[in-house]
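Before I ask anything, let me first share the structure, which is written out below as structure tokens.
The values are calculated or read from the model by the stated rules, or taken from the named source; none is laboratory data. Given the structure is predicted, the values throughout are model-derived calculations rather than measurements. All Cβ positions, glycine included, derive from the backbone under ideal geometry; neighbour counts span all protein chains shown.
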Amino acid sequence: MDMMKESDYAVLLDNKLGQRRFDGGYVHNGLLKAAEWVFDAECDVLKDLLERNPGYTLTFAGHSLGSGVVSMLALLAVHNRELLGGIDRKRIRCFAMAPARCMSLNLAVRYADVINAVILQDDFLPRTDIPLEDIFKSLFCLPCLLCGRCLIDTCIPESVMLRDPRRLYAPGRLYHIVERKPFRCGRYPPLVRTAVPVDGRFERIVLSCNATSDHAIIWIEREAQRALDLLLENEKTMQAPEVQRMSDDITVTRDHDEEQQEALRRAITLGVADIKMPSAYGTFDENPTEAAEAPLLPDSGRRRAVWEEWIARIFEKDESGQMVPRR
């Protein structure tokens, strides 16, 4: 998609709220159509390459609107693995730079093990659900549009936004590069924070002078390289032995697992539709038939479960069996 043809814009603007369902959630209709076209055209080539290189991974990468297309490609690849020679889910990866909001919250959480999104500081695109049509129309006055949208979002309760199953979000696991601090001038050593898009992250537009410049891929690449250099420098300073590095890898995997589980629990608490709890990180829908037949808890049952979980966190039983606050 080089944005040099009218058909490219027609595909990108082909979307309405709740127009296209996919795997129990909602996705951007135009971006999914573009991904389907690419997948149909290159499926045989990808299958041949994967069969000849069984140790390789299938990695998709894109920037801005292209990141939305590759995110949809990752979803299609996971759901059509038999067309790719039965590739394992763990061999499919996607890196979305400055991604557009292209999938509903439940899909963003469930595919966090496949899709990785990189966002630089105050980038506007992952934070706004403004229709792409409005963005293109106001390209020369984008700051005015962002200011207006910021005022509108301020007046909308966060719970209302999160509970709308049709609302689109940035895809997958988010890597947020922070290299500026509030009320301070200049840039600082970049800090990378990770999260899954639950509980309101990136739901508010940041009115910043860099809201549009942070969307440029050249700045994303530059700050990501600085963050990587700092990470390697810290590792050399620590001089950790081989066994310790292996332990660190296990710790990172465990932290990602806990983060994924917490995101899923939070999504269920918020009442997000079609959220399924996996048995382990990276394994979803191992028995889709049973998952589809399992009845959802009613509102009263869900509220009771949340209440009991909250009580268990705050109180504990003493030796006499009485409930006392945890110390």
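Scan the stretch 50-89 for residues that are over 22 Å from residue 109 (Cβ atoms) and in contact (Cβ under 8 Å) with a residue 60 or more places away in the chain and jot them down.
63, 64, 65, 66
How many residues, within the stretch 71-89, are in contact with a Gly (Cβ under 8 Å, 6 or more places away or on another chain) and surrounded by fewer than 24 Cβ atoms within 10 Å (Cβ to Cβ)?
Matching residues across the stretch 71-89 total 1.
If you take the residues of the stretch 56-110 that are part of a helix (DSSP H, G or I) and hydroxyl-bearing (Ser, Thr, Tyr), which of them is farthest from residue 41 (Cα to Cα)?
Across the stretch 56-110, the extreme among qualifying residues is 67.
Let me ask something else. Output the residues belonging to the stretch 193-218 that are modelled with pLDDT of 85 or more and exposed (fewer than 11 other Cβ atoms within 10 Å of the Cβ).
Listed by number, the list holds a single entry, 218.
Any residue in the stretch 90-109 that is surrounded by fewer than 24 Cβ atoms within 10 Å (Cβ to Cβ), free of Cβ contacts under 8 Å to residues at least 12 places away in the same chain and not aliphatic (A, V, I, L, M)?
For the stretch 90-109, residues surrounded by fewer than 24 Cβ atoms within 10 Å (Cβ to Cβ), free of Cβ contacts under 8 Å to residues at least 12 places away in the same chain and not aliphatic (A, V, I, L, M): absent.
Within the stretch 10-39, how many residues turn out to be within 16 Å of the chain's Cα centre (by Cα) and at pLDDT below 70?
0
Can you find a residue in the stretch 219-237 that is part of a loop (DSSP other than H, G, I, E, B), crowded, with 16+ Cβ neighbours inside 10 Å and modelled with pLDDT of 70 or more?
Taking every residue of the stretch 219-237 in turn, none turns out to be part of a loop (DSSP other than H, G, I, E, B), crowded, with 16+ Cβ neighbours inside 10 Å and modelled with pLDDT of 70 or more.
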